[in-house]
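Some notes on the structure that comes next.
Read-outs throughout are calculated quantities, based only on the coordinates presented, and are distinct from any laboratory measurement. The shown structure was predicted, so the numbers you read here are calculated from the model rather than taken from an experiment. Positions of Cβ are backbone-derived with ideal geometry, glycine not excepted, and every protein chain shown enters the neighbour counts.
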Amino acid sequence: MFRIRSFQSRLVFFILGLVSLVQVIVFLTVDVTNTRHARQQIAAALDNGVRTFRQLMDTRSVQLGESVRILAGDFAFKTAVASGDVPTIESVLLNHGARVEADAMLLADLDFRLVAETPAITSGALPEPLLQLLRRAETEGRAAGAVTLGGKSYQLLVVPVLAPLPIAWIAIGFEINDALARDFARFTRLEVSFLGAGAVLRMVASSLPANLRGDLPAAMASAPPATAALMPVDMAGDEYLSRMLPFAEDIHVLLQRSLTRELEPFQELRTAVLLLSFGGLLLSAIGAFFVARTVTRPVLDLAAAAREVERGHYDTRVELRQKDELGELAGAFNRMTRGLAERDRVRNLLGKVVSPEIAEKLLSREAVLGGEERMVTVLFSDLRNFTALSERRSAHDTVSLLNTYFTHMSAAIEAQGGVVDKYLGDGIMALFGAPVEHEDHAGNAVMAALAMQEALARMNRDLAAQGMPPLMMGIGINSGVAVAGNLGSPERLNYTVVGDSVNLAARLEGLTKRLGGDEAIVISAETLKLSRRNFRVRPLGAQAVRGKADPVEVYAVLGMADAGAAGQSAA
């Protein structure tokens with residue numbers, strides 16, 4: 001569940017929420033009112049457009065009827081029709097059609113056979129829709145309708161040629177095309193589209209832009225009724241309010257206007273309301289933030305300082321000049337951070353003298369004199385002939401070389417979970433399994449020794465590039481029970497391990513000097529037994545070790561065993 005815990009946030013949220021709610025209500029009210037008004041305007045425009053369209057159609061029909069009546073009553077024309085003078089008939093039809101701006105004119109005899117036409121649109125045979133129109137004219141005296149001729153739709157008017165009885169039928173009409181739709185759109189100030197009715201709507205002509213023409217039939221979804229009330233049609237993300245009118249038997253006309261375009265005059269008002277709303281919201285936010293901050297700023301400063309302390313920045317201080325309870329709290333906080341900074345300084349300093357694990361052990365409540373027996377693995381390493389090497393170098397260069405060496409070796413030890421117990425001149429004593437327990441402390445120690453060899457090889461390549469002799473190192477490793485704990489005095493503690501197993505590890509390191517050769521890493525049989533990893537080793541037999549009455553079985557570590565090897569392998 002969403003909860004606001006900060007008092008400042010709650011106060012700001014309440015003020016901004018109240019202001020925002022009022023502004024949203026105002027904006028929605030204005031927007032809804034504008035949209036409703038725009039819809040009413042479009043509805044009125046569509047009503048006027050319907051009347052204008054019908055008036056234009058009536059006027060056009062009257063003009064066509066009058067022009068064709070004059071032609072049908074012309075004596076010369078009737079004489080040409082009666083005599084079957086086709087060239088004269090075609091010339092008259094062509095001239096008369098051009099004079100009255102008709103797109104098509106044709107003449108049929110009383111048997112409904114084509115006599116002449118201009119232009120040639122019927123291919124010599126009258127289509128069935130035109131024949132039906134002629135039959136209606138025969139019955140009713142005249143007829144009007146839409147007919148598709150030569151792939152184009154025409155609005156035709158059919159009247160008889162009288163002499164004084166009908167001797168032929170003359171048809172005159174105009175093409176239903178985009179130019180006609182644009183003419184009607186100019187007069188009605190609406191978008192005008194002619195749609196062919198049927199199972200699937202088809203576009204005949206339209207004043208709509210090209211990108212919307214193809215969307216209109218699909219937007220209508222199905223063939224519309226002959227007459228319909230105001231209906232919305234969505235095209236290209238815009239809503240068009242529309243009215244459908246019957247135009248012919250299989251053609252309807254659709255009058256439309258875009259709601260977005262109708263709302264354009266209201267955009268300035270909408271923008272002004274939005275700007276005022278955002279301005280009011282901004283001023284409210286500034287005021288709310290100022291009021292809340294004057295109340296909560298001391299607490300926020302303390303919280304910010306506490307977060308800095310949490311990140312480890314113990315030098316953080318809170319400066320509050322108030323003399324009230326918050327001022328007392330700030331003083332207590334500053335005293336606390338001083339104590340934490342001192343403890344952190346001691347921890348950091350101790351972590352540089354001993355390993356971080358041992359430092360943590362010493363700083364814990366368990367940091368008392370005493371120890372416990374634990375199974376551990378101890379690693380001793382020592383540089384060969386380093387004393388002679390250091391005599392040829394300055395003290396500064398010797399210390400720098402040792403620091404580089406200890407840095408690489410310590411990294412290899414710690415990467416395997418080991419702990420550097422102490423540095424012994426040019427030697428290292430490392431613990432595995434104490435103070436932090438590890439399941440495979442023996443294997444980790446051997447892996448660390450191999451990693452130390454690799455690190456020393458890299459150092460020697462760098463030394464060779466500087467013209468310096470290489471360093472050589474011996475490592476002895478033993479596993480066994482030792483006493484691990486804090487040794488020393490109550491005033492000065494040292495966490496380490498002692499016992500015979502530790503001494504044996506030191507003796508094994510010394511044994512590498514006597515054995516020489518490739519035996520740079522010598523481990524005891526106990527370490528080999530406890531290790532959970534496979535290594536390539538060479539048995540060195542039972543070796544006499546100082547401090548041990550009986551010889552000790554030892555092995556030289558040559559590297560990791562093959563992945564498929566089972567157990568430790570011997571060279």
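Suppose the chain between ALA464 and ARG546 were pulled fully straight at 0.36 nm per residue; how much longer would it get relative to their current alpha carbon spacing?
Here the answer is 25.9 nm.
Could you give the length gained by full extension between ARG69 and ALA332, i.e. 0.36 nm per residue of separation minus their alpha carbon distance, to one decimal place?
Using 0.36 nm per residue and subtracting the Cα-Cα distance, I get 83.5 nm.
Ranking request for peptides 539-552, 77-90: highest mean number of other beta-carbon atoms within 10 Å first, then the rest in descending order.
Per-residue mean Cβ counts within 10 Å order the peptides as 77-90, 539-552.
Normalised by the number of residues in the stretch 453-555, what is the relative contact order in percent for Cα pairs under 8 Å and 6+ residues apart?
In percent, rounded to a whole number, it is 23.
Compare the Cα positions of SER400, MET472, ILE428 along the charge dipole of the stretch 393-537 (+1 at Cβ of Lys, Arg; -1 at Cβ of Asp, Glu; about the Cα centre) and return the one farthest towards the positive end.
MET472
Rounded to the nearest 0.05, what FRET efficiency is calculated for ALA272 and ASN95 with R0 set to 56 Å and r the Cβ-Cβ distance?
0.35
Taking the Cα of VAL86, stepping 7 Å toward and past its beta carbon, and measuring to each backbone N in the stretch 123-160: which are under 11 Å?
Counting backbone N atoms under 11 Å from the label point, the list is 124.
For a quick protection proxy, order the peptides 415-427, 166-178, 275-287 by their average other-Cβ count within 10 Å, most packed first.
Going from most to least packed, we get 166-178, 415-427, 275-287.
What's the local net charge at LEU528, with K and R +1, D and E -1, over the other residues with C-beta under 12 Å away?
Net local charge, LEU528 excluded: +3.
If you place +1 on the Cβ of every Lys and Arg and -1 on the Cβ of every Asp and Glu, how big does the dipole about the Cα centre of the stretch 91-206 come out, in debye to the nearest 20?
I would put it at about 220 debye.
Could you tally the net charge around ALA179, taking each other residue with its Cβ under 13 Å from the Cβ of ALA179, Lys/Arg +1 and Asp/Glu -1?
-2
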